1. Under a straight-distance cross-link criterion of Cα-Cα below 14 Å, which aspartates and glutamates are reachable from LYS48, leaving out those fewer than 8 residues away in the same chain?
2. So what does log10 I(q)/I(0) come out to for the range 1-47 at q = 0.23, 0.33 Å⁻¹, using the Debye formula with one equal point on every Cα and no solvent?
3. Where a Cα-Cα gap under 13 Å defines reach, which aspartates and glutamates qualify for LYS164, not counting those fewer than 8 residues away within the same chain?
4. In the structure displayed, which of LYS18/LYS78; LYS78/LYS170; LYS19/LYS189 lie more than 27 Å apart, Cα to Cα?
5. What number, rounded to the nearest 500 deg cm²/dmol, is the helix-based mean residue ellipticity at 222 nm of the chain, given -39500 (n - 2.57) per DSSP H run of at least four residues and division by all its residues?
6. For the chain, what does the alpha-carbon gyration tensor say about shape, rounded, prolate or oblate, given a ≥ b ≥ c as the root eigenvalues, a/c under 1.5 as rounded, and a/b over b/c as prolate?
7. Karplus couplings for the range 165-178 from phi (6.51 cos²θ - 1.76 cosθ + 1.60, θ = phi - 60°), rounded to Hz, Gly and Pro as x?
Amino acid sequence: MKIIMLGAPGAGKGTQAKKIAEKYQIPHISTGDIFRANIKNGTELGMKAKTFMDQGLLVPDELVCDLVVDRVQQDDCKAGYILDGFPRTIPQAESLDAALAAVGDAVDYAVNVEVPDENIVNRMGGRRACVGCGATYHLVYAPTQKEGICDTCGAELILRDDDKPETVQKRLGVYHEQTQPLIDYYNGKGILREVDGTVAMEDVFQAIIDVLGA
Ligand code: AP5
Ligand code: MG
């Protein structure tokens, strides 16, 4: 199953993508995580991406498309994958579709996790990310066992640079302008599925399983 997660920054794409990947035993491919790993490792790609990410802007399509197209062609993606944070623009969606069509393939579902802007800022301020493994928590909704320490790998938790309130507002603006049009794009292809992202994480997950019909 090839699934795309759509939704505003902080809608819960990463939270749900991780669970779906576990349930269906398919890779979870997050472009945001790929960029953050590159930043941590000081690569050229990471340095380029950081200048955009810190401002709440999208990384240019040319730095993203080839990366994802290469990734989904790897062996572990044969049975499917879940894309989290890609595509984020119409040209990105078109480049993915073209690459898949070239091998007689296509995306199965685009799942849109709907959360209004007013809920987002509150969520992002409480999110904490692990500097070691990238796992995501929330001070209130998904707390760790020991404050400030990752349950999975024991490393320190931080507030992501781009989760500061002014940057979150910027990311929301960019989302509405550049990413929201993908909802119509996938609706037009008949593969859009929508779920309410404001309810508890487990309930969002169940709703996704239901719309995927699996
Ligand atoms: P990326 O890392 O993809 O960030 P994003 O889309 O802004 O989304 P987030 O990761 O912030 O949120 P999420 O939806 O995954 O929510 P989460 O599950 O963490 O991208 C970062 C940057 O990289 C971009 O701004 C851009 O610059 C660049 N980039 C990445 N991909 C790109 C691309 N394709 N093209 C160009 N540039 C690209 O949940 C949020 C919080 O809420 C967590 O704390 C969580 O615990 C909590 N939570 C989740 N669900 C619930 C719930 N149901 N109830 C209560 N709390 C919840
Ligand atoms: Mg995420």
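Read-outs: derived from the displayed coordinates by stated rules, not from any lab. None of the values given here were measured: they were computed from a predicted structure.
1. Leaving aside aspartates and glutamates fewer than 8 places away in the same chain, those within reach of LYS48 are ASP61, GLU62.
2. -0.85, -1.13
3. By straight Cα distance, LYS164 reaches ASP54.
4. In this structure, LYS78/LYS170 lie more than 27 Å apart at Cα.
5. -13500 deg cm²/dmol
6. rounded
7. x, 5, 6, 4, 4, 4, 4, 5, x, 4, 4, 5, 6, 9
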